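The values are calculated or read from the model by the stated rules, or taken from the named source; none is laboratory data. As the structure is a prediction and not an experimental result, all values here were calculated from the model. Because the Cβ atoms are built from the backbone with ideal geometry, glycine has one as well, and the counts that use them run over all protein chains shown.
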Amino acid sequence: MQDDFHYKTDSIDGHSPAKGAEAWKLWVDQGVISTDGTQASLITNGGKAGAGGHVRVTYPFDLAGGTLYTLKVTFQFKPVQSEKVGWAGFGFGNGENGSPDNEPWLFICPQRESSDDSGAKGLASHQEAGSTTIPAADFSLPITAKITWNTSTGEAQYCINNQVESEWTRKIPVSSDRFNVFLEGATCGAVNVTNITLTAEPAKK
């Protein structure tokens, strides 16, 4: 699956990506994920100071054994300038709504101000695998994050801006064959996504 969001829509709910047979499904509607022909924008009700909000879309696929999956997302953040701490995330999830009950995912906190350093966390379900600081200067450019998951070994690795966070590596066994990838934002202003790709290749034994 690949989506570079080169189409215009007020909501990607029900819209098929550029490559892939399935469609995006909106599960939490306290905001919107729209596209302008160049990127998708995750805007929650929390884009306004003092407000909350949460939005998630999922894309289903059949998980295969003996496979190395790579999920890669490119974000472009804007300063939030709010007292509330928001985040934008992505990852693997199972079940009807794609919740990461026992799967790898990652989130990045956008800046409150343009001079702020911020951070990212890798998670296995709701357990933290690791965290890192993202320098303020990096937010002037797109931030690319990646998760690889080996369905033979269960090994999940996390990568931010081409830096593999080796200490975050976890063994996360596969518990189902029907999965989703998801994009999610909570209590944040505009977070743009310029590309998301899911690739699969035979895992090395």
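Can you name the residue in segment 27-66 that is aliphatic (A, V, I, L, M) and crowded, with 17+ Cβ neighbours inside 10 Å and, of all such residues, is modelled with the lowest pLDDT? Steps first, answer last, please.
Pass one, segment 27-66, residues aliphatic (A, V, I, L, M): 28, 32-33, 40, 42-43, 49, 51, 55, 57, 63-64.
Narrowing the set further to residues that are crowded, with 17+ Cβ neighbours inside 10 Å leaves 32-33, 40, 42-43, 55, 57, 63.
Numbers: VAL32: 86, ILE33: 91, ALA40: 94, LEU42: 88, ILE43: 81, VAL55: 88, VAL57: 92, LEU63: 87.
Among those that are aliphatic (A, V, I, L, M) and crowded, with 17+ Cβ neighbours inside 10 Å, it is ILE43.
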THR151 meets each of (1) surrounded by 14 or more Cβ atoms within 10 Å (Cβ to Cβ); (2) among the β-branched types (Val, Ile, Thr); (3) under 17 Å from the mean Cα position of the chain (by Cα); (4) on the phi < 0 side of the Ramachandran plot with one exception, condition (3)
Any residue at all in segment 104-116 that is out of contact with any Leu (no Cβ under 8 Å at 6 or more places or on another chain), under 24 Å from LYS25 (Cβ atoms) and buried (at least 21 other Cβ atoms within 10 Å of the Cβ)? yes
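Being under 23 Å from ALA203 (Cα atoms), of a type outside the set (D, E, K, R) and crowded, with 18+ Cβ neighbours inside 10 Å, is that true of even one residue in segment 128-142? Working first, answer last.
Of the residues in segment 128-142, the ones under 23 Å from ALA203 (Cα atoms) are 129.
Within this subset, residues satisfying the condition of being of a type outside the set (D, E, K, R) are 129.
Applying the additional criterion that residues be crowded, with 18+ Cβ neighbours inside 10 Å yields 129.
So far as segment 128-142 goes, yes, one or more of its residues are under 23 Å from ALA203 (Cα atoms), of a type outside the set (D, E, K, R) and crowded, with 18+ Cβ neighbours inside 10 Å.
Among ASP4, ASP10, which is under 30 Å from ALA137 (Cα atoms), among the acidic types (Asp, Glu) and modelled with pLDDT of 90 or more?
Working: ASP10 fails: under 30 Å from ALA137 (Cα atoms).
None of the others qualify; the one that does is ASP4.
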The one condition in (1) within 30 Å of SER11 (Cβ to Cβ); (2) modelled with pLDDT under 90 that TYR158 fails to fulfil: (2)
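What are the residues in segment 154-191 that are under 16 Å from SER99 (Cβ atoms) and surrounded by fewer than 19 Cβ atoms within 10 Å (Cβ to Cβ), if any? Lay out the reasoning, then the answer.
So in segment 154-191, the residues under 16 Å from SER99 (Cβ atoms) come out as 172, 174-176, 178-186.
Residues satisfying the conditions are SER175, SER176, ARG178.
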Taking the conditions exactly as written (modelled with pLDDT of 90 or more, within 23 Å of ILE143 (Cβ to Cβ) and touching a Leu at 6+ places or on another chain (Cβ under 9 Å)), does GLN76 satisfy them or not? yes
